[in-house]
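So the structure is just underneath, and the comments pick up after that.
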Amino acid sequence: MIRFWLGLALLGGSWLFGLKFYHEADYVTWSILVAAGTLLLSGSLQRLPAPFESAVAILLFIPVAYLAPAPYRAIPILLIVGMTLNLAPFPVRWPALLGSGAVAAGLILLCQALGILLYEAGTARSHEVPSLMAKVLQPIASALDIDAAVVGSTFTMSSMRKTHPLGATWEFLFDPATYCFFIGGIVFLILRSWSREHVHQRWRSLRPQIGLFVLAVVLWLPIRVGLHLALYMHRVLRTDFDSPLMVMGQFWSNWFQLALLLGPALIGWRIAGLAASSLELPNEVFMNLYVPPMISISLLRRAGAVALAALAAALITGGLYWDFVGTRKPGRILVDEFHSKWEPTERPMDTSWYGHLSGYNYATMYDYWSRFYDVGRLKIPITDATLKDCDVLVCKVPTSAYSEPEVQVIQKFVDSGGGLLLVGEHTDVFGTGSHLNEIARRYKFEFRSDCLFGIDSVFEEHFDLPLVPHPILQRMPDMDFAVSCSIDPQNSGGFVVMRGTALKNMPADYHASNFYPQVEDRPESRYGAFVQLLALRSGQGRVAAFTDSTIWSNFAYFEPGKSELSIGLMEWLNHRNDPGRGNLNFWMVVFGFLAALASAALAFGWDSGWIVMCGAALLAWSVSANGIAAAHRKMMPSPKAIRPLVRITVDRTTSEVILPKGGFIAGKAEGFGIFERWIQRVGYFTCRRSGLEALQGDLVLYLHPSLPVPQDYREALIKYVENGGRILVIDSAENTKSSANTILRAFNMSVNHQTNLSGDLIAAGYPTIQAAGVCEVVGGEAFANINGRAVGATVKQGKGSVTVIGFGVRFNDLNMGVTGDAVPDERLREVYETEFRLLRSLVEGPSATQPGNTKPLKIETDQ
């Protein structure tokens with residue numbers, strides 16, 4: 001029936017919406033497509049697994065539905081619903097029909113999920129199809145009378161306006177939606193054959209049906225390419241000559257890819273239907289055919305098959321994701337400054353140096369590393385002697401080449417147990433990629449000379465943690481890249497730690513001083529998934545290659561995920577490979593597939609056993625995946641501080657003020673990015689947290705709190721303060737939705753938002769600054785006032801303290817210099833000094849605000 005094939009098309013296209021492949025996940029649209037596909041598949045299976053097997057499978061799928069993340073959780077839910085409807089004794093027929101559709105949809109989505117993960121992993125490594133496949137593009141273009149040629153992996157078309165060098169990529173020739181439809185069609189044909197009521201009709205026509213279905217998809221692919229080319233050239237020719245060409249969007253349009261599935265669905269329906277009807281036999285023929293006896297499977301054999309299915313899933317999961325953390329080393333890190341003049345580490349961002357370069361360096365990261373490791377700088381050529389007492393070598397954005405002897409020394413250092421971090425940047429700027437590739441090629445991978453941008457939002461590359469994070473990422477929240485290049489893993493055998501999706505790349509623009517290309521619609525762009533962090537082992541040592549140096553600059557280092565990533569890298573590289581490990585992951589995968597084959601052999605003849613084995617395998621996968629993540633955290637704990645550090649937590653439970661993303665400060669009144677960033681200038685470190693995780697560190701900072709405060713959070717906050725914690729609440733009259741008083745009520749303090757004061761802010765030990773939009777603070781011991789009314793006060797409770805200021809508007813981005821690159825004049829410098837002394841007084845005590853204990857108001861700039 002045609003509706004079955006349309007249902008397959010909807011399920012195949014749904015993954016573009018359920019996963020972040022070209023665009024951010026849209027779970028609403030995905031849910032609608034999955035529901036519609038399930039309804040269209042209703043009644044597609046003539047029979048479902050037997051009651052006993054269905055009941056056992058339901059029990060196995062229930063914990064999977066709890067453990068699996070979205071959108072994969074829909075798979076066990078559909079299977080549970082489908083088999084439950086099948087088991088329940090409804091007096092009408094439609095629940096059983098719907099149940100068969102749910103079971104079919106769940107199993108099809110399961111196979112598609114595995115397939116799309118393989119597709120994403122494969123295309124991230126290389127988007128280009130083999131040259132032989134690429135050559136089929138030219139006759140397709142010729143048939144459409146398009147002037148075109150194929151050279152390597154580039155398919156170039158000509159128009160009156162310009163040439164269009166499109167990539168001969170997997171996404172173009174065999175897109176993910178068609179790929180998922182292809183997988184779904186094969187699974188559907190197998191399920192239909194199994195579900196036939198008459199035993200003689202089950203498998204006899206399966207092979208020709210699959211063969212003709214494969215032929216249908218193969219025939220559709222050139223038609224699909226031709227439709228793309230024709231539409232592309234039509235849009236090019238219809239674009240006004242003076243208007244920019246913005247015609248690439250069709251290649252990553254989810255809806256257009258979904259619409260194109262109508263073609264293979266119709267072809268697959270007709271061909272599969274013809275195959276089935278041509279091989280049907282009259283009923284009287286079946287009466288004379290030999291019926292093989294049913295095979296009786298013992299309970300022990302069935303249990304063995306199920307156990308082996310679970311073992312196979314656990315072994316394959318372990319082989320793909322388990323990382324043997326190894327033995328920790330002393331933690332002696334050397335940062336190569338000899339080959340790099342970019343992102344220096346030597347001059348800190350303090351309270352006297354301002355300007356662009358004060359934020360565009362690695363001094364904060366170097367300082368932060370030094371709190372956990374023994375860190376030093378390398379300012380001479382690399383030799384065996386210079387690396388003698390080194391555990392991890394950091395080669396960051398080199399601006400000069402490594403000599404052949406230096407590369408050999410580095411390779412020897414890694415093989416003998418050293419850790420090597422290679423930090424690159426977009427477009428081979430300053431030659432960084434070329435210089436790093438002198439080392440990287442020894443490990444059979446390369447930094448590409450490209451620049452990655454988000455498809456949805458050009459300058460936003462949000463990275464979502466994978467299903468099973470590598471130990472490097474185990475304590476990292478979701479993170480935003482700035483602009484990176486990509487890595488070509490080639491045949492390095494490395495593990496892809498960070499694989500970004502919904503991205504497109506652009507080649508370097510060598511007419512620009514920093515090689516940064518103009519952000520425009522370009523046909524040569526590759527799109528989809530890219531490798532952004534690669535980790536591999538060599539000998540007893542390890543190598544990690546990262547592609548975005550910018551995110552570790554002072555101005556972005558303490559944004560979510562970035563400091564955690566750098567520490568995760570250092571800690572993983574600071575481990576030595578255990579001897580005898582060898583290719584254990586490889587053998588786990590091999591034995592996993594052998595266990596799967598053994599499971600299938602034991603289950604041969606068990607008519608409904610496949611659903612139980614499927615449930616056992618999914619349960620083993622979900623438990624193994626969560627167990628591996630937990631084991632990684634236990635085996636590689638966070639490093640312990642060896643030097644004192646002060647950590648200030650910026651609470652995001654109660655505050656929604658604008659904070660920097662990708663290092664960008666918008667300069668708006670609702671933003672407090674400069675205030676947050678300037679905390680580094682007094683030698684303190686920041687982090688953003690929400691929920692109970694925010695109640696840690698030396699000081700919790702509340703910036704214009706305006707969100708509801710949960711009861712359990714308030715109770716935990718009281719305990720935090722009583723046990724020695726300190727909090728700073730920054731509010732003002734302009735915070736009209738303030739929830740500050742909900743926080744302060746337990747400490748007998750409040751902020752009076754009925755007041756709106758302005759004038760000179762007077763506080764002992766602080767500069768006198770002008771402030772407006774100030775509200776009065778009630779309770780506590782006042783330390784700042786305007787016109788004699790308290791606008792800043794502190795109260796001690798237990799071992800801790802609570803401080804409130806009502807002049808927070810003076811610290812918003814609009815009033816703090818608009819951007820982080822501002823060089824302050826004398827008045828603005830006094831505002832900065834007020835922040836510095838306020839923070840010091842809370843962390844180090846009131847004496848820190850005394851003029852004799854502060855630095856002079858001397859301003860240094862980049863010049």
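The values are calculated or read from the model by the stated rules, or taken from the named source; none is laboratory data. Treat the numbers as computed from the prediction; the structure is a model and nothing was measured. Note: ideal-geometry Cβ built from the backbone for every residue, glycine included; neighbour counts use all protein chains shown. We work out accessible area using only protein heavy atoms, side chains counted, and drop any ligands, DNA or RNA first. Shrake-Rupley method; radii C 1.70, N 1.55, O 1.52, S 1.80 Å.
General remarks:
- Proximal lysines to residue 634, defined as alpha-carbon separation beneath 24 angstrom and excluding residues fewer than eight positions away on the same chain: 329, 562
- Nearest-ten-degree value, helix 94-125 long axis tilted from longest Cα axis of the chain: 60
- Ranked by how many other beta carbons lie within 10 Å on average, peptides 417-428, 150-161 from highest: 417-428, 150-161
- Calculated FRET value between residue 458 and residue 607, using beta carbons and R₀ = 56 Å, to 0.05: 0.55
- Modelled FRET efficiency - R0 25 Å, residue 789 with residue 764, Cβ distances, 0.05 increments: 0.95
- Chain lengthening between residue 231 and residue 693 when straightened (0.36 nm per residue, less Cα-Cα): 161.2 nm
- Per-residue accessible area (protein heavy atoms, 1.4 Å probe) orders 180, 614 as 614, 180, starting from the largest.
- Within the shell of other residues whose beta carbon sits under 14 angstrom from the beta carbon of residue 816, the net charge comes to -2, with Lys and Arg scored +1 and Asp and Glu -1.
- Exposure check, 1.4 Å probe, all protein chains in place: residue 402 carries approximately 10 Å² of accessible surface.
- 0 to 90° range, to nearest 10: angle between helix 711-722 axis and the chain longest Cα axis: 40
- Cα gyration tensor shape of region 682-744, rounded if a/c is under 1.5, else prolate or oblate by comparing a/b with b/c: oblate
- Centre separation in Å (Cα based) which lies between region 134-174 and region 594-624: 45
- The angle between the Cα long axis of helix 206-238 and the main principal axis of the chain comes to about 50°, on a 0 to 90 degree scale.
- Assuming charge only on the beta carbon of Lys and Arg (+1) and of Asp and Glu (-1), the dipole of the chain about its Cα centre is about 2260 debye to the nearest 20.
- Here the contact order of region 147-201, divided by its residue count and restricted to Cα pairs under 8 Å and six or more residues apart, works out to 18 percent.
- Relative contact order of the chain, pairs being alpha-carbon contacts under 8 Å that are 6 or more residues apart, as %: 12
- Heavy-atom accessible area ranking, 1.4 Å probe, most first, across 610, 678: 610, 678
- Whole-angstrom gap from region 715-790 to region 1-39, using each part's C-alpha centre: 52
- Measuring with a 1.4 angstrom probe and ignoring ligands and nucleic acids, residue 734 comes out at about 110 Å² accessible.
- Two-site label geometry, residue 782 and residue 347: point separation in nm, points 7 Å out along Cα→Cβ: 4.4
- Tail beyond 55 Å, pair distance distribution of the chain (Cα, percent): 22
- Cα centre as origin, Lys/Arg/Asp/Glu Cβ charges: region 331-392 dipole, Debye: 80
- Protection proxy ranking of 500-508, 817-825, by the mean of other Cβ atoms within 10 Å over each peptide's residues and highest first, is 500-508, 817-825.
- Residue 80 contributes an accessible area of around 30 Å² to the protein surface, as traced by a 1.4 Å probe with all chains present.
- Were the residues from residue 118 through residue 598 laid out at 0.36 nm apart, the gain over their Cα-Cα distance would be 170.4 nm.
- In the chain, the DSSP-assigned H stretches of four residues or longer account for a calculated mean residue ellipticity at 222 nm of -13000 deg cm²/dmol, using -39500 (n - 2.57) per stretch and the full residue count as denominator.
- Most tightly packed first, judged by the mean number of other beta-carbon atoms within 10 Å of their residues, the peptides 744-751, 23-30, 511-518, 806-813 read 806-813, 744-751, 23-30, 511-518.
- Protein-only accessible surface order, largest first, of 436, 6 at 1.4 Å: 6, 436
- Taking Lys and Arg as +1 and Asp and Glu as -1, the other residues whose beta-carbon sits under 12 Å from that of residue 43 total +4.
- For the chain, the residue among 550, 309, 324 whose Cα projects farthest onto the positive side of the dipole built from Cβ charges is 309.
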